[in-house]
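The values are calculated or read from the model by the stated rules, or taken from the named source; none is laboratory data. The structure presented is a predicted model; accordingly, all values stated were derived computationally and were not measured. In this analysis, Cβ positions are derived from the backbone assuming ideal geometry, glycine residues included, and neighbour counts consider all displayed protein chains.
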Amino acid sequence: MKQQAFDSRNQEDFDKNTEALSKALSTIASDYNIKPTISELSRIAGIHRNTIRLRQWPIQRLEAIKEQRKLEELSRKLKKGKRQDPVSVLTDKLEMSRIEVVYWFNKCNESEEAAHALEIRLKKLRDSRDHYLQLSENGQLEISKLRREIENLRGVISLLESERPEGSA
């Protein structure tokens with residue numbers, strides 16, 4: 001009973017920390033003056049850094065914010081009206097493409113991991129379904145066998161009743 005109380009309290013703390021992290025991440029994403037680091041996230045959310053490190057999604061979101069800021073910075077540099085030499089323009093484009101390749105590589109890895117997890121789950125569900133279908137078929141066979149036996153017993157009872165003299169009870 002006490003463990004359930006702790007479980008509900010732990011779940012409340014987990015949910016509260018998740019909400020604080022989400023709000024802090026949105027604050028960091030919207031304000032360019034705040035560095036997208038775990039220390040800043042910890043300070044804004046009021047949660048210890050080690051608690052944040054135990055969760056993967058806030059760290060991944062910080063990395064995405066960093067990548068987004070790099071892309072925007074490179075985009076701003078390219079939009080500046082001054083003429084740049086071709087080497088620096090190509091270097092900037094190369095850097096932007098490198099960042100984009102890293103982004104899509106990470107997305108691909110995440111998708112592969114998710115697909116693998118879903119395949120494992122699907123296999124378990126199929127195995128479970130097959131097991132319960134087999135149990136159901138066995139049960140149906142048993143029911144039909146028992147119904148045949150009941151019909152045979154009814155036939156024997158009716159035969160015995162017909163052979164018994166009418167006066168004897």
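Of note:
- Any chance residue 128 is more than 43 Å from the chain's Cα centre (by Cα), modelled with pLDDT of 90 or more and surrounded by 10 or more Cβ atoms within 10 Å (Cβ to Cβ): no
- Pairs, first among the hydroxyl-bearing types (Ser, Thr, Tyr) in the range 41-69, second not in a helix (DSSP H, G or I), C-beta under 9 Å, six or more apart: 42/48
- Within the range 1-26, residues that are in the same structural domain as residue 39 (by TED's automatic domain parsing) reach partners that are modelled with pLDDT of 85 or more and loosely packed, with under 12 Cβ neighbours inside 10 Å with beta carbons closer than 8 Å, at six or more positions or on different chains, in the pairs 20/46.
- Residue check, residue 89 part of a helix (DSSP H, G or I), more than 22 Å from residue 37 (Cβ to Cβ), among the hydrophobic types (A, V, I, L, M, F, W, C) and at pLDDT below 90: yes
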